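Read through the structure below, which is laid out as structure tokens, and then see the notes.
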Amino acid sequence: MKQLSDKDIADMIGEDFTADDDSVKKSVRQSLHLSTRVPKPIEKTPEHITIDFHQHTEEEAWNMLIETVTSGARSATVITGASGILKQKFPQWMTQSIISPHIISFKPLNNGSFEIKIHKPKEG
């Protein structure tokens with residue numbers, strides 16, 4: 001799109017046109033506080049996330065897992081612990097829950113953690 005020049009604007013309104021001088025522009029910027037309205041930089045989603053279920057309830061662990069799967073990360077290490085309900089539930093969550101369509105694969109790394117591969121989120 002073409003940026004209008006002062007001459008273009010003067011031609012459109014059919015009168016003499018005087019562009020704002022620098023002092024007017026500066027005062028407008030100050031009154032609008034434009035220097036403080038700089039957008040925050042977009043944080044890039046990490047390719048790999050590690051989450052630890054220790055000291056978390058089943059509901060908290062489930063929410064952490066959903067957040068990880070929908071975050072845009074492509075893989076994750078999930079530490080469930082060597083025993084307990086979360087280690088038992090984890091394979092079920094990977095294969096029989098609402099997040100299972102987002103999971104490419106999962107495999108145990110050791111007795112208390114798993115590696116998961118996550119589908120890339122669909123755009124739009």
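Determine which member of the set Ala73, Ala82 is exposed (fewer than 12 other Cβ atoms within 10 Å of the Cβ) and assigned by TED's automatic domain parsing to the domain that holds Glu59. Steps first, answer last, please.
Working: Ala73 fails: exposed (fewer than 12 other Cβ atoms within 10 Å of the Cβ).
After ruling out the rest, the residue left standing is Ala82.
Select from the stretch 101-124 the residues that are of a type in the set (Val, Ile, Thr) and at positive phi and list them in ascending order.
Listed by number, the list is empty, since nothing qualifies.
Where in the stretch 48-112 are there strands (runs of 3 or more DSSP E), lying wholly inside it, with at least 2 residues that are in contact with a His (Cβ under 7 Å, 6 or more places away or on another chain) and at pLDDT 90 or above? Give the steps one after another, and end with the answer.
Values: elements: 48-52, 75-79, 103-110.
Result: 75-79.
The values are calculated or read from the model by the stated rules, or taken from the named source; none is laboratory data. Keep in mind that this is a model prediction, so the values were computed, not measured. Virtual Cβ from ideal backbone geometry, glycine too; neighbours counted across all protein chains shown.
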